[in-house]
Amino acid sequence: MAGKFELFDDAAGKFRWRLKAGNGEIIAQSQAYESKESAKKGIASVQTNAAGATLVDLTAK
């Protein structure tokens, strides 16, 4: 099963999204957004930018 984005209201009434893997594990979660439209734009940004993202290792070792 493919991953999916879930858009939801948090306890403070803000909008958030989470990305779940095919096995149901949450692999990413957003900040709080004031509007549903802004949260949807956040999802679109991840969908667009993640495919070509590089790994920058900032660890000491």
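The values are calculated or read from the model by the stated rules, or taken from the named source; none is laboratory data. Keep in mind it's a predicted model, so treat the numbers as computed, not measured. For accessibility, only protein heavy atoms count, side chains too; no ligands or nucleic acids. Shrake-Rupley method; radii C 1.70, N 1.55, O 1.52, S 1.80 Å.
Heavy-atom accessible area for Ser30, with the other protein chains in place and a 1.4 Å probe, reaches approximately 10 Å². A value for volume of the Cα convex hull per residue in Å³ was derived from the coordinates, and within the list [x] 100; [y] 70; [z] 130 it appears as [z].
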